[in-house]
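Asks: Mind looking over this structure? Questions follow.
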Amino acid sequence: MIRLLFPIWSGRQRLANLLRYCSKNSLLDQGIQVHAASLRMGFDFDLMLSNDLIDMYSKCGVMDTASLVFDRMTERNVVSWTALMCGHLQNGNARATLSLFFQMVFSCLKPNEYTFSTNFKACGILNVPEIGMKIHGMCVLTGFETVPVVGNSIVDMYSKCGRINEAVMMFNVLPVKNLISWNTMLAGYTLAGQGEKALLWFHRMLENGEIPDEYTLTTLLKACSRLGKIQEGSMIHGFLITSGFPCSGKAAIAGSLIDLYVKCGKLAEAQRVFNQIGEKNVISWSALILGYAQEGNLAEAIELFKQLQNNSKQVDGFVLSSMMGVFADFALVEQGKQMHAYAVKVPSGSEISVSNSIVDMYLKCGLLDEAERLFNEMPARNVVSWTVMITGYGKHGIGKEAIRLFNQMQSNNIEPDGVTYLATLSACSHSGHIKEGEEYFSQLCRNRWVKPGIEHYACMVDLLGRDGRLKEAKDLIENMPLKPNVGIWQTLLSACRVHGNLQLGKEVGQNLLTLDGENPVNYVMISNIYAEAGYWKEYEQVREMAKAKGLRKEAGRSWVEIDKVVHFFYGGDDTHPMIDKIHQVLKEMERRMKEKMGYVHGVKFALRDIDEESKVESLRVHSEKLAIGLALCHGGWDEARVIRVFKNLRICGDCHDFIKCLSKIVKVVFVVRDANRFHQFKDGLCSCRDYW
């Protein structure tokens, strides 16, 4: 421990200077020494030193002690209150910040500009525009609205709360518009997904004589990335070069450029930018690594990660979490385990975010026991930790455990956020816990800090739909205080298909095409509901509409890992070197299933107006069956083991029935993760209870 050698000075200012030094450099042990010295010198209740102590303990992350100092103060001023508010905000407790603000107001102490700006940030983080508007009203009454730091904070708050129109109105009345004001608006439009307007505002900003900084350009590149606007992004890149902006020396800019080219499918350009960076940092490495991974080039992504390790760069928590996320999404359990072993050896591996991503990886790979063990062993957990486990239980169809965990986290004084509620409602839906789901949704609607979003209403539509209460689900959509989006109507359409309600399905389908006539998924869903009802003419009409627009849905793809090698299959795939052997094994399994269980193909799931024999042949080559066939070729089916298969789309009804029957006649347990959830097939039954 570094000791501060200083005499017991009588000057309180010297103590204050030392506390500020400790605060700036997060020197907790030395700060405690200064605190002890101040007590010995009789400064127990000194206002200035107490304020500095609150700031020091807050900067060092010891909020309990900061609050204790605050509580013991015999006199407090606006600096005291604001220091503690800032501390809570910096340590991730925005609710405590707002709670303190209203306590301060009720104690008749007037906030200053820093008090207001801190609490606007808290409102933005919590997405509580109603509270932000109340504080805005106080600013208007006290004249602080015209102070630049406050005005910019108000614009930022409305932007982060999705109130972009209010943000624009506030921006327009700012008496002084500086670079921070413009950057806040650019970030607001980018966050709202309105990248086009962000680019227009950039031109306005240049016309007003503002010179963009690193934050401006990074924000614009993010906007272009989200829009896939490679031409505009390239123009910004050109602007950077011609203006002499040191791209290679600015980590955020270089990382954003790499991300732009990656998102626009220009990996060669991304690699070129990366190669031109003189001093590569973790941001630029991670941007390119994730780029290759998102393009499906996992071998190159892993190779780059190894280079990063060998480059003597300190791998931070963001990179570790990101790599874990890649392995989780592709269910690469062996690579995930290797990354876990590496994380244990580096300092950043102990961060909560990394631990959360490791638990998430095991859950998405179907290793529930391992995830539970790690979750229980975590020395500290945050709301994300609990939410990850609740989500995992929901995806595995273990709704009771998800509910138990949701209640336990609240007993542990961890307040659920919007994502936690979403995970819990989804778990209730997947497991058929209708009553509990309705109770939690009512609880959410009464919550002061978290308001239900469109995703929460979609969960309730799914919950009601699964229970066959389609009219209630439709009424909920039409009466909710939010504008329905494509996703919520798709949820209702899926329920109509499951329950065979063609009439309502037609109405919902029309709503979908009105909202988004360029989404191929909508046409597929509508045509499928016609096909299952035997309306082949209407089925073909919808398919022709999609074809005329040049729309194609994402191809179904399944994969299985065998001896640390991942094998991918598409429907009808005949490219695998063992394809003939795979077909032989699958036909043998079919024969046994017919003999022992009277199995027949679910030809209605072929969804084509063709003869029965052709329908059977089309079902035989579904991607998940091919993946299972390969796994059976390696290791057989007479010994007890688990085969894990993963699919990017929802598993079809025929494949679901096929795997159920297969699990009855062999000793293998099949775990299939589709786009919605996990299915565990064992002894002829599925964990989803045939509702997915």
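The values are calculated or read from the model by the stated rules, or taken from the named source; none is laboratory data. Just so we're clear, the structure is a prediction, and the values are computed from it rather than from any experiment. Reconstructed Cβ throughout: ideal geometry from the backbone, glycine too, with neighbour counts over all protein chains shown.
Asks: Does the range 203-214 contain at least one residue that is of a type in the set (Val, Ile, Thr) and in a helix (DSSP H, G or I)?
Replies: Filtering the range 203-214 for residues of a type in the set (Val, Ile, Thr) gives 211.
Narrowing the set further to residues that are in a helix (DSSP H, G or I) leaves none.
No, the conditions are met nowhere in the range 203-214.
Asks: Which number in (1) modelled with pLDDT under 85; (2) within 24 Å of the chain's Cα centre (by Cα) marks the one condition that Gln314 misses?
Replies: Looking at each condition in turn, Gln314 falls short on (2).
Asks: Being in contact with an Asp or Glu (Cβ under 6 Å, 6 or more places away or on another chain), surrounded by fewer than 16 Cβ atoms within 10 Å (Cβ to Cβ) and either closer than 20 Å to Lys451 by Cα or of a type in the set (A, V, I, L, M, F, W, C) (or both): is that true of Leu179 here?
Replies: Details: in contact with an Asp or Glu (Cβ under 6 Å, 6 or more places away or on another chain): yes; surrounded by fewer than 16 Cβ atoms within 10 Å (Cβ to Cβ): yes; either closer than 20 Å to Lys451 by Cα or of a type in the set (A, V, I, L, M, F, W, C) (or both): yes.
Judged against the criteria, Leu179 is a match.
Asks: Looking at (1) within 26 Å of Val140 (Cβ to Cβ); (2) surrounded by 19 or more Cβ atoms within 10 Å (Cβ to Cβ), which is the only condition Gln103 fails?
Replies: (2)
Asks: Just wondering, is there one or more residues in the range 392-412 that are assigned to a helix (DSSP H, G or I) and touching a residue at least 60 places away in the same chain (Cβ under 8 Å)? Even if it seems obvious, please write down each step before you answer.
Replies: The initial filter retains those residues of the range 392-412 that are assigned to a helix (DSSP H, G or I), namely 392-395, 399-411.
Now restrict to residues that are touching a residue at least 60 places away in the same chain (Cβ under 8 Å): 394-395.
Looking for residues that are assigned to a helix (DSSP H, G or I) and touching a residue at least 60 places away in the same chain (Cβ under 8 Å), one finds at least one in the range 392-412, hence yes.
Asks: Shifting gears a bit: Which members of the range 333-353 meet the condition of being free of Cβ contacts under 8 Å to residues at least 12 places away in the same chain, of a type in the set (Gly, Ala, Ser) and under 17 Å from Cys365 (Cβ atoms)?
Replies: Across the range 333-353, the qualifying residue is only Ala341.
Asks: Please enumerate the residues belonging to the range 174-190 that are in a helix (DSSP H, G or I) and touching a Gly at 6+ places or on another chain (Cβ under 8 Å).
Replies: Within the range 174-190, the subset in a helix (DSSP H, G or I) is 179-190.
Passing the criteria: Ser181, Tyr189.
Asks: From Asn165, Asn152, which residue is polar (S, T, N, Q), out of contact with any Lys or Arg (no Cβ under 6 Å at 6 or more places or on another chain), outside any loop (DSSP other than H, G, I, E, B) and at pLDDT 95 or above?
Replies: Details: Asn165 fails: at pLDDT 95 or above.
From the options Asn165, Asn152, the qualifying one is Asn152.
Asks: Sort out which residues of the range 655-674 are assigned to a loop (DSSP other than H, G, I, E, B), farther than 19 Å from Ser558 by Cα and either aliphatic (A, V, I, L, M) or under 31 Å from the mean Cα position of the chain (by Cα) (or both), and write them in order of number. Full working, then the answer.
Replies: Taking the range 655-674 as the starting set, the residues that turn out to be assigned to a loop (DSSP other than H, G, I, E, B) are 666-667, 674.
The next check asks that each one be farther than 19 Å from Ser558 by Cα; those that pass are 666-667.
Matches in the range 655-674: Val666 only.
Asks: Going by the conditions given, is Leu619 closer than 21 Å to Val671 by Cα, surrounded by 15 or more Cβ atoms within 10 Å (Cβ to Cβ) and either β-branched (Val, Ile, Thr) or at pLDDT 90 or above (or both)? Spell out how you get there, then give the answer.
Replies: Values: closer than 21 Å to Val671 by Cα: yes; surrounded by 15 or more Cβ atoms within 10 Å (Cβ to Cβ): yes; either β-branched (Val, Ile, Thr) or at pLDDT 90 or above (or both): no.
Answer is no for this residue.
Asks: Right, here's the next one. Those residues that are surrounded by fewer than 15 Cβ atoms within 10 Å (Cβ to Cβ) and within 28 Å of Glu279 (Cβ to Cβ), I need them from the range 339-364; list them, please.
Replies: Passing the criteria: Lys345, Pro347, Ser350.
Asks: Criterion first (small (Gly, Ala, Ser) and touching a residue at least 24 places away in the same chain (Cβ under 8 Å)) does Gly255 satisfy it?
Replies: Numbers: small (Gly, Ala, Ser): yes; touching a residue at least 24 places away in the same chain (Cβ under 8 Å): yes.
So Gly255 passes the test.
Asks: Give the residues of the range 364-412 that are among the hydrophobic types (A, V, I, L, M, F, W, C) and under 17 Å from the mean Cα position of the chain (by Cα), sorted by residue number.
Replies: Applying the first criterion (among the hydrophobic types (A, V, I, L, M, F, W, C)) to the range 364-412 yields 365, 367-368, 371, 374-375, 378, 380, 383-384, 386, 388-390, 398, 402-403, 405-406, 409.
Across the range 364-412, the qualifying residues are Val383, Val384, Trp386, Val388, Met389, Ile390.
Asks: Could you grab me the full set of residues in the range 507-558 that are in contact (Cβ under 8 Å) with a residue 12 or more places away in the chain, over 28 Å from Asp329 (Cα atoms) and among the polar types (S, T, N, Q)?
Replies: Asn511, Ser527
Asks: Would you check if Gly162 is more than 30 Å from Ala270 (Cβ to Cβ), of a type in the set (Gly, Ala, Ser) and over 26 Å from the mean Cα position of the chain (by Cα)?
Replies: Numbers: more than 30 Å from Ala270 (Cβ to Cβ): yes; of a type in the set (Gly, Ala, Ser): yes; over 26 Å from the mean Cα position of the chain (by Cα): no.
No: the conditions fail for Gly162.
Asks: Checking the condition within 28 Å of Arg381 (Cα to Cα), surrounded by fewer than 17 Cβ atoms within 10 Å (Cβ to Cβ) and of a type in the set (A, V, I, L, M, F, W, C), which residue from Leu68, Leu47 passes?
Replies: Values: Leu47 fails: within 28 Å of Arg381 (Cα to Cα).
One residue alone meets the criteria, Leu68.
Asks: Determine which member of the set Glu455, Glu478 is part of a helix (DSSP H, G or I), in contact with a helix residue (DSSP H, G or I) (Cβ under 6 Å, 6 or more places away or on another chain) and not hydrophobic (A, V, I, L, M, F, W, C).
Replies: Details: Glu478 fails: in contact with a helix residue (DSSP H, G or I) (Cβ under 6 Å, 6 or more places away or on another chain).
After ruling out the rest, the residue left standing is Glu455.
Asks: Listed residues Gly228, Gly278, Gly291; which is closer than 27 Å to Phe330 by Cα, of a type in the set (Gly, Ala, Ser), surrounded by fewer than 22 Cβ atoms within 10 Å (Cβ to Cβ) and free of Cβ contacts under 8 Å to residues at least 60 places away in the same chain?
Replies: Details: Gly278 fails: closer than 27 Å to Phe330 by Cα; Gly291 fails: surrounded by fewer than 22 Cβ atoms within 10 Å (Cβ to Cβ).
When all the criteria are applied, what remains is Gly228.
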